[in-house]
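This report refers to the structure that appears directly beneath it.
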Amino acid sequence: MKIKEDVLKAILEEMPVAPPEAGGILGGREDIISICFADNGGNTLGCSYIPDVKKLNIIIKQWEKNKYYFMGIFHVHFFCVDTLSEGDIKYMERIMHAMPETIRKLYFPLVVQPHTKCVPYVAYKEKEGKILIRQDELEIL
Ligand SMILES: [Zn+2]
């Protein structure tokens, strides 16, 4: 996952150090993340981050006007948990299936507290519609 240094800094700094979970969306062009928008989620009852899809879609439309494209979703984990939960994986698969055919890859980095570490994951949509998820290298530009 290639990301501009200022964007990485912004997502790390915006994430809370204690529950409830928060997150946001990532955008850019030519496979480089160069823009982000933090969101405290549409649901404050549970402790899992649930994006406010309506709000985020408005942001994505604004980005597209400036030729920035949706590239993924980040969210925060607490207590050093740097692996995806079952809920995370289900959610990622749902998002990948909802994407238009032109989007075959999205990034799902975690911001892991308390050390505010970024752990990137990437999801690919394969030809048969299967979703492949793996951890990725962090490349700061
Ligand atoms: Zn999670």
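The values are calculated or read from the model by the stated rules, or taken from the named source; none is laboratory data. Just so it is clear, the model here is predicted, and its values are computed rather than measured. When we count neighbours, we look across all protein chains shown, and the Cβ atoms used for this are built from the backbone with ideal geometry, even at glycine.
Side notes on the structure shown:
- Among the candidates VAL76, VAL111, the residue that is touching a residue at least 24 places away in the same chain (Cβ under 8 Å), closer than 14 Å to GLN135 by Cα and under 14 Å from the mean Cα position of the chain (by Cα) is uniquely VAL111.
- Residues in the range 11-27 that are farther than 15 Å from LEU138 by Cβ and part of a helix (DSSP H, G or I): GLU13, GLU14.
- Residues of the range 91-109 that are in a loop (DSSP other than H, G, I, E, B) and within 13 Å of the ligand (Cβ to nearest atom): PHE108, PRO109.
- Matching residues, the range 17-50, being at pLDDT 80 or above, surrounded by 13 or more Cβ atoms within 10 Å (Cβ to Cβ) and of a type outside the set (A, V, I, L, M, F, W, C): PRO19, PRO20, GLU21, GLY23, GLY24, GLY27, GLY28, ARG29, SER34, ASP39, TYR49
- Once the range 93-141 is narrowed to residues that are closer than 23 Å to ASN57 by Cα and among the basic types (Lys, Arg), the residue that is surrounded by the fewest Cβ atoms within 10 Å (Cβ to Cβ) is ARG94.
- For GLY72, the conditions (1) in a loop (DSSP other than H, G, I, E, B); (2) within 16 Å of the ligand (Cβ to nearest atom) all hold with the exception of (1).
- ASP88 meets the conditions (1) within 16 Å of the ligand (Cβ to nearest atom); (2) assigned to a loop (DSSP other than H, G, I, E, B); (3) out of contact with any strand residue (DSSP E or B) (no Cβ under 6 Å at 6 or more places or on another chain); (4) in contact (Cβ under 8 Å) with a residue 12 or more places away in the chain in every case but one. The failed one is (2).
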